[in-house]
């Protein structure tokens, strides 16, 4: 059951290493954002050299006994991939920064691995093409390596046997949240690759002819690669 927390949470502000006016000001003990001569980051949503509410942000961070850190573009890109793989969410770089910073906070001792953390993912990666650009030089797409992409694994499981959401989650080793599984299923159904039907109290999944053609196309593509 959800409810109101007893204590005010600690706030952590995350910025790109190539444009960190608030993070640097926090580190230096300044009350206002420091000057950034050249903002250099692919995370366009946070490429703001002079944030209008920077002073208010610094005040809020300190009042909550919080912190501020910066992460590289490479760390944000890695976080994007991890969020997509584990949760089925395509986040833009600025949003992925809230996950990219977690390792740094643990390493610095500002956060324990057992702490409860809320990472806000506020915007879709469809607004950016950084992942596509970063993958354009690869010989294989992410789903064609030795480890099958999540959606392909789901499709092949549904093709092989009768299953439903919770059963599918268990069969995949609970590598992601149950909510992420259902998000993948919703996407596959919207694309016409699977259908669902109710029998008793359960909603079972069934691959469509289009879904079978997609799997066959992937098999053919592997032969070419």
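Values for this structure:
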{"item": "All positions within region 169-199 that are at pLDDT 90 or above and on the phi > 0 side of the Ramachandran plot", "result": "192"}
{"item": "Some residue of region 143-161 being surrounded by fewer than 12 Cβ atoms within 10 Å (Cβ to Cβ), modelled with pLDDT of 85 or more and either in a strand (DSSP E or B) or outside the structural domain of residue 84 (by TED's automatic domain parsing) (or both)", "result": "yes"}
{"item": "Complete set of residues in region 63-80 that are part of a helix (DSSP H, G or I) and surrounded by 15 or more Cβ atoms within 10 Å (Cβ to Cβ)", "result": "73, 75, 76, 77, 78, 79, 80"}
{"item": "Odd one out for residue 89, checked against (1) at pLDDT 90 or above; (2) in a loop (DSSP other than H, G, I, E, B)", "result": "(1)"}
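The values are calculated or read from the model by the stated rules, or taken from the named source; none is laboratory data. Values in this document were obtained by computation on a predicted structure and should not be read as measured data. Cβ coordinates were reconstructed from backbone atoms using ideal geometry, including for glycine residues, and neighbour counts include every protein chain displayed.
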